[in-house]
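Asker: One structure is given below, represented as structure tokens, and several questions about it will come after.
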């Protein structure tokens, strides 16, 4: 398994270096967000095709990871093509641009750092696939993981679709999206990510709890980044600044992360 993981790491590094060269050429690293999901799908495929006799569990994990990852990658690359450079990366690399150090900073602060995190977060899929070469049946625990994953997929896919429609409507300018799934959680897409990857981790655990222990850092880190670091926390700072009282009222009645019935007005 270690040899296979090293092959995956080499593939990931090669892809990251190639995309870094493109980002230097166009002076924009923002399309890395699309690679976050797609790269995890690629890691799953690379793991699967290193197995001599992949079992049903390996195929299930590959399919789950690819469905999540490539959908997200397509969604984010289309968003980047419409909206251009992401202000987060513009801020991260601002001083390095001014000093003429953009290329080095883009590699070390963005591409390599994200590659390490991508490899970590996708570890349940990689390890679970590599541990599933025997044609063992899919266990009840795996089906529980699939059910949680499907809840996550529903919240992420529908939440992103509702947000895209809201942004595309000129009448939405200055308003806060508080309908559909956004009525029950302020971040249905982030909750969807959270549920999808804990579901994948449970499917990995069905191959053996030792594999689950090796990889639990992946969903734990993802949960932290979604709720406390670059997800909810960072986005809501911007929303507080741009939406003011409207967003404050929305926050008062709507759950921050876990979907819950909205609180009554007043």
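Asker: So, in the stretch 28-65, how many residues would count as being more than 12 Å from the chain's Cα centre (by Cα) and assigned to a helix (DSSP H, G or I)? Before you say what the answer is, go through the steps one by one.
Answerer: Let us first name the residues in the stretch 28-65 that are more than 12 Å from the chain's Cα centre (by Cα), namely 28-31, 42-64.
Checking the rest, the ones that are also assigned to a helix (DSSP H, G or I) come to 42-48, 56-64.
Total satisfying the criteria: 16.
Asker: Is it the case that the stretch 166-187 has a residue that's free of Cβ contacts under 8 Å to residues at least 60 places away in the same chain, surrounded by fewer than 21 Cβ atoms within 10 Å (Cβ to Cβ) and farther than 19 Å from residue 250 by Cβ?
Answerer: Taking every residue of the stretch 166-187 in turn, at least one turns out to be free of Cβ contacts under 8 Å to residues at least 60 places away in the same chain, surrounded by fewer than 21 Cβ atoms within 10 Å (Cβ to Cβ) and farther than 19 Å from residue 250 by Cβ.
Asker: Okay, moving on. Out of all the residues in the stretch 187-230, which are under 20 Å from residue 38 (Cβ atoms) and not in a helix (DSSP H, G or I)?
Answerer: Once the filter is applied, which keeps residues that are under 20 Å from residue 38 (Cβ atoms) and not in a helix (DSSP H, G or I), the stretch 187-230 yields only 230.
Asker: With the structure loaded, tell me whether residue 93 is in contact with a helix residue (DSSP H, G or I) (Cβ under 9 Å, 6 or more places away or on another chain), free of Cβ contacts under 8 Å to residues at least 60 places away in the same chain and either buried (at least 18 other Cβ atoms within 10 Å of the Cβ) or in the same structural domain as residue 152 (by TED's automatic domain parsing) (or both) or whether it fails that test.
Answerer: It is false that residue 93 is in contact with a helix residue (DSSP H, G or I) (Cβ under 9 Å, 6 or more places away or on another chain), free of Cβ contacts under 8 Å to residues at least 60 places away in the same chain and either buried (at least 18 other Cβ atoms within 10 Å of the Cβ) or in the same structural domain as residue 152 (by TED's automatic domain parsing) (or both).
Asker: Given 106, 115, which one is crowded, with 17+ Cβ neighbours inside 10 Å and closer than 21 Å to residue 45 by Cα?
Answerer: Of the residues listed, the single one that is crowded, with 17+ Cβ neighbours inside 10 Å and closer than 21 Å to residue 45 by Cα is 115.
Asker: Considering only residues that are buried (at least 17 other Cβ atoms within 10 Å of the Cβ) and more than 18 Å from residue 188 (Cα to Cα), which ones fall in the stretch 217-266?
Answerer: Passing the criteria: 218, 243.
Asker: Tell me which of these residue 88 doesn't satisfy, since it passes every other one: (1) under 24 Å from residue 239 (Cβ atoms); (2) touching a helix residue (DSSP H, G or I) at 6+ places or on another chain (Cβ under 6 Å); (3) surrounded by fewer than 17 Cβ atoms within 10 Å (Cβ to Cβ).
Answerer: Of (1) under 24 Å from residue 239 (Cβ atoms); (2) touching a helix residue (DSSP H, G or I) at 6+ places or on another chain (Cβ under 6 Å); (3) surrounded by fewer than 17 Cβ atoms within 10 Å (Cβ to Cβ), only one is false for residue 88: (2).
Asker: Could you run through the stretch 32-69 and say how many residues are free of Cβ contacts under 8 Å to residues at least 12 places away in the same chain and either farther than 21 Å from residue 154 by Cβ or not assigned by TED's automatic domain parsing to the domain that holds residue 84 (or both)?
Answerer: The first filter runs over the stretch 32-69 and keeps only residues free of Cβ contacts under 8 Å to residues at least 12 places away in the same chain, leaving 49, 59, 63.
Checking the rest, the ones that are also either farther than 21 Å from residue 154 by Cβ or not assigned by TED's automatic domain parsing to the domain that holds residue 84 (or both) come to 49, 59.
Number of matching residues: 2.
Asker: Kindly indicate whether any position in the stretch 116-133 is in a helix (DSSP H, G or I) and without any contact (Cβ under 8 Å) to a residue 12 or more places away in the chain.
Answerer: Within the stretch 116-133 (the criterion being in a helix (DSSP H, G or I) and without any contact (Cβ under 8 Å) to a residue 12 or more places away in the chain), the answer is yes, since at least one residue qualifies.
Asker: Answer yes or no as to whether residue 107 is part of a helix (DSSP H, G or I), more than 19 Å from the chain's Cα centre (by Cα) and over 24 Å from residue 13 (Cα atoms).
Answerer: no
Asker: Can you name every residue in the stretch 1-25 that is modelled with pLDDT under 95 and closer than 22 Å to residue 72 by Cβ?
Answerer: Across the stretch 1-25, there are no qualifying residues.
The values are calculated or read from the model by the stated rules, or taken from the named source; none is laboratory data. Since this is a predicted model, take the numbers as computed values, not measurements. Cβ: placed from backbone, ideal geometry, glycine included. Neighbour counts: every protein chain shown.
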